[in-house]
């Protein structure tokens, strides 16, 4: 039996009238979709190889190229989708697990699109952020429940804090860059994130890839991650960052570990991760020193000891069904912040079936965790960072109103650097120079320009958040945090509304 | 020297309050003629504009309610007849050691239920209808009753960390939350809150406030945006000896309410005022913070201003905002918060609602409009416009309870002690001292505004 050809995802259309046979596209495409035939002096394209990253289209000097989705369709079938046939065919060919990149692309409900924000009218003036201070400054970390009265008492007495407040991360805007490891993304992409975080006054996260020596100067804006593979973890690394995050889970692949293919482990990655060149970097599914919550507590305090209690230590978990009690346990285990990564959180590589089927949306997880921490009276004991597919500043402000202290953005930051969500990060052939270690490709991403674009993105979203806050008559982000009265649900079931803790649109206070 | 102009309505008005007559009227609405609106409809948060006024005599000299009525009446156009009320401190000197509970009932059944509940934890030392008189514009009212309560020993021994105040707060929360047609208007010692649906001056007349003598009076005229006006929704709001009158809308209500739930406060009224009261109770009573600091939490300084502070102070205010961020009141407000010893006037951090303060001798005034102060105190020593977030604080110079401790055994009929003439004499006497003390007080004022 002949091999069954896979139906191509894209069709590359070349306008022959516009094409000048310059061969730029041939040199650009890391998937070799475009080829030049000297004899006929023609450039031709094999659409089967196209992943839809739009790099050639973006840089074709005569705009001769257009990438379209392939319109070839199977007989209409509500149960079987084209992509499922493709998956089966591939697996029947290879007997392997399907891989993919980026966040879940399946049509689960996006609750952000069913939540609406409030604004002031008449009874309560809106505040103009151009004229009045509008405060986004956010502190992440454990906070005491109260001031002790002996700290301060009576009028006229000089104020001072007797009990020092624990270490905090100070953010100029409640947005951080989420964990993306050096190895999964290029050093230029890491530099873009680090420089942008440093310039804007927020933080980026090393992921489990260690910290490249070029990035040590940006340690004050770095959250260093300790994951199950412990790649690149040493004393200097722990002390270099402003905070430490223990990674338990990731929204795109809850319950499983990571796998950086040996092809991506070049000399620099090898040195940073402290593994041999060309060897696969496999992060186990669990931490093999954490089989229970009390073990997590030991690791948290081991890391605190190692850094002399000078840095907040947080824990990242993926949003799963039991996320609220897990988060509570994590806080009780001593975490200063809890990062929760939702269903739509991105990844450099994950089994497709896991990415598409495991976990819960971040909206519900934020609501459940914030509510539970308040019920337990420990909401002040840790900050909550939400992650998992924030697409606009509107999503972010809703996340904060649901109860998150701040949000991690990963996918949207990469989109700011050029990513077109082709979901082929795991191939190491990223044409945009982001998810690759190929020097020919990585040089396409200029970290100076990348950092500027990320600062622009943070600035734009912060301005939009300020505008929306001002419209609600709120001038400090702490008055928005957990303020679910600012939200209304539209088109949601009673149960959804109850879990989100919001009222339906049309209902007054 | 004439202290203030009296509303002609109060001149020579010797009407005695007909307790018994009113009491008979109450049964009138068990007959289905009137729908339940006094205490119902509490499930909505209604935005409201308002006028507020407060007077305090820092020396603890008591004066009648006429002044505050005159003051709030001048700001009639700040309210729309759907809510008015008063808080008065020092009005029950003879029963000052008992918790004075002012209750509103919609039904006799609710009254019975509430009384049964009260008897579980308290000895009712005295109870009676709250005196009131017929006022043309107030056509109907709930059952208004007051109780003077002494907590039972056995109600307190359950938990050593459970103070008498916690018991009172719990009682108030229980009645307000669980007994549907009953509402505790006030629950402090030697103080009371008188409120209802109507213009404040009519409410004042209805409750015969000229018959009471207090050293702090605050008043509120309400302008709710819809007609769901119920007696419980009127201001002031009270818990223990706290009372709050408030003009504004709190945009941070959602998080303030959730924050308070962490500490066991059940917000059962959906009013901003309730949230402010509980926040002040939490910060001041439970966390032991000074009023100055409470003001700096409710109307926190901006980060840009904190950055400019000396290092130690900067660190302190950073910490204050980190710990108490969820207690920040965002949105426009002008509020007057009182307890037995203090009157606090406070604006939001942008001063989006008006608030004016004045001082005259031992008197300190706070009101939405300067005219409302000048109406009762034409020539104050000093009038100022407090800046956004800067508190105006009046403090009692002596313990108010001293004079009344020994008089507990006096006849119960004595309350309230009524003597307008003696008030005028008192006012004149204070007047003389006040002028002399004025120059010294200037210094104190600057401290007050911090």
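The values are calculated or read from the model by the stated rules, or taken from the named source; none is laboratory data. The structure presented is a predicted model; accordingly, all values stated were derived computationally and were not measured. Please note: Cβ atoms are built from the backbone with ideal geometry, for glycine as well, and neighbour counts cover all protein chains shown.
Would you check which residues across the stretch B:251-267 are buried (at least 20 other Cβ atoms within 10 Å of the Cβ), at the interface with chain A (Cβ under 7 Å from one of its Cβ atoms) and part of a helix (DSSP H, G or I) and list them?
B:253, B:254, B:255, B:258
Looking only at the stretch A:80-92, decide whether some residue is part of a loop (DSSP other than H, G, I, E, B), more than 30 Å from residue A:472 (Cα to Cα) and either modelled with pLDDT of 95 or more or outside the structural domain of residue A:400 (by TED's automatic domain parsing) (or both).
Kept after step one, since they are part of a loop (DSSP other than H, G, I, E, B), are these residues of the stretch A:80-92: A:80-81.
With more than 30 Å from residue A:472 (Cα to Cα) added as a condition, the list becomes A:80-81.
Then drop every residue that is not either modelled with pLDDT of 95 or more or outside the structural domain of residue A:400 (by TED's automatic domain parsing) (or both), which leaves A:80-81.
Yes, there is a match, as at least one residue in the stretch A:80-92 is part of a loop (DSSP other than H, G, I, E, B), more than 30 Å from residue A:472 (Cα to Cα) and either modelled with pLDDT of 95 or more or outside the structural domain of residue A:400 (by TED's automatic domain parsing) (or both).
If you go through the stretch B:319-329 one residue at a time, do you hit one that is within 20 Å of the chain's Cα centre (by Cα) and crowded, with 24+ Cβ neighbours inside 10 Å?
yes
All but one of (1) assigned to a loop (DSSP other than H, G, I, E, B); (2) at pLDDT below 95 hold for residue A:48; which doesn't?
(1)
Is it the case that the stretch B:285-296 has a residue that's more than 9 Å from chain A (Cβ to nearest Cβ), within 23 Å of residue B:164 (Cα to Cα) and in a helix (DSSP H, G or I)?
There is at least one residue in the stretch B:285-296 that is more than 9 Å from chain A (Cβ to nearest Cβ), within 23 Å of residue B:164 (Cα to Cα) and in a helix (DSSP H, G or I).
I'd like to check something: does the stretch A:44-66 contain any residue that is touching a residue at least 12 places away in the same chain (Cβ under 8 Å) and more than 25 Å from residue A:440 (Cα to Cα)?
no
Taking the condition of being without any contact (Cβ under 8 Å) to a residue 40 or more places away in the chain and closer than 19 Å to residue B:300 by Cα, how many residues in the stretch A:110-138 meet it?
1
Tell me, which residue of the stretch B:297-309 that is in a helix (DSSP H, G or I) and facing chain A (nearest Cβ under 8 Å) is surrounded by the fewest Cβ atoms within 10 Å (Cβ to Cβ)?
Looking at residues that are in a helix (DSSP H, G or I) and facing chain A (nearest Cβ under 8 Å), I get B:304.
Would you confirm whether any residue within the stretch B:252-269 is closer than 26 Å to residue B:358 by Cα and under 24 Å from the mean Cα position of the chain (by Cα)?
No: the stretch B:252-269 contains no residue that is closer than 26 Å to residue B:358 by Cα and under 24 Å from the mean Cα position of the chain (by Cα).
Determine if the stretch B:261-272 includes at least one residue that is in contact with a helix residue (DSSP H, G or I) (Cβ under 9 Å, 6 or more places away or on another chain) and under 16 Å from residue B:337 (Cα atoms).
Yes, there is a match, as at least one residue in the stretch B:261-272 is in contact with a helix residue (DSSP H, G or I) (Cβ under 9 Å, 6 or more places away or on another chain) and under 16 Å from residue B:337 (Cα atoms).
Checking the condition in contact (Cβ under 8 Å) with a residue 40 or more places away in the chain, away from chain A (no Cβ under 14 Å), surrounded by 18 or more Cβ atoms within 10 Å (Cβ to Cβ) and farther than 22 Å from residue B:244 by Cβ, which residue from B:148, B:86, B:63, B:101 passes?
The conditions single out B:148.
Out of the residues in the stretch A:123-140 meeting the condition of being more than 7 Å from chain B (Cβ to nearest Cβ) and either assigned to a helix (DSSP H, G or I) or within 30 Å of residue A:312 (Cβ to Cβ) (or both), tell me which one is modelled with the lowest pLDDT.
My answer is A:129.
Give, as residue ranges, the helices (runs of 4 or more DSSP H) completely inside the stretch A:432-509 that count at least 1 residues that are crowded, with 22+ Cβ neighbours inside 10 Å, out of contact with any helix residue (DSSP H, G or I) (no Cβ under 7 Å at 6 or more places or on another chain) and within 14 Å of chain B (Cβ to nearest Cβ). Break it down into steps so the answer makes sense when it comes.
Details: elements: A:439-442, A:447-472, A:494-500.
Hits in the stretch A:432-509: A:447-472.
Examine the stretch B:268-284 for a residue that is within 7 Å of chain A (Cβ to nearest Cβ), in contact (Cβ under 8 Å) with a residue 12 or more places away in the chain and touching a strand residue (DSSP E or B) at 6+ places or on another chain (Cβ under 7 Å), and state whether such a residue exists.
No.
Mind listing just one residue for me: the one in the stretch A:148-175 that is assigned to a loop (DSSP other than H, G, I, E, B) and under 21 Å from residue A:331 (Cβ atoms) and, of those, modelled with the highest pLDDT?
Going through the qualifying residues, I end up with A:174.
Quick grid of which residues meet (1) away from chain B (no Cβ under 14 Å); (2) under 30 Å from residue A:492 (Cα atoms); (3) surrounded by 13 or more Cβ atoms within 10 Å (Cβ to Cβ):
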| site | (1), (2), (3) |
| --- | --- |
| A:87 | yes, no, yes |
| A:121 | no, yes, no |
| A:167 | no, no, yes |
| A:171 | no, no, yes |
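Which numbered condition trips up residue A:143, out of (1) in a loop (DSSP other than H, G, I, E, B); (2) under 30 Å from residue B:223 (Cα atoms); (3) touching a residue at least 12 places away in the same chain (Cβ under 8 Å)?
Just one mismatch for residue A:143, condition (2).
Being modelled with pLDDT under 95 and crowded, with 24+ Cβ neighbours inside 10 Å, is that true of even one residue in the stretch A:189-196?
Among the residues of the stretch A:189-196, not one is modelled with pLDDT under 95 and crowded, with 24+ Cβ neighbours inside 10 Å, which makes the answer no.
Do you know which residues across the stretch A:94-109 are part of a loop (DSSP other than H, G, I, E, B) and in contact (Cβ under 8 Å) with a residue 40 or more places away in the chain? Before you say what the answer is, go through the steps one by one.
Just the residues of the stretch A:94-109 that are part of a loop (DSSP other than H, G, I, E, B), to begin with: A:95-98, A:101-109.
Result: A:97, A:98, A:101, A:102, A:103, A:104, A:105, A:106, A:108, A:109.
Restricting attention to the stretch B:268-277, does a residue exist that is surrounded by fewer than 22 Cβ atoms within 10 Å (Cβ to Cβ) and at negative phi?
Yes: the stretch B:268-277 contains one or more residues that are surrounded by fewer than 22 Cβ atoms within 10 Å (Cβ to Cβ) and at negative phi.
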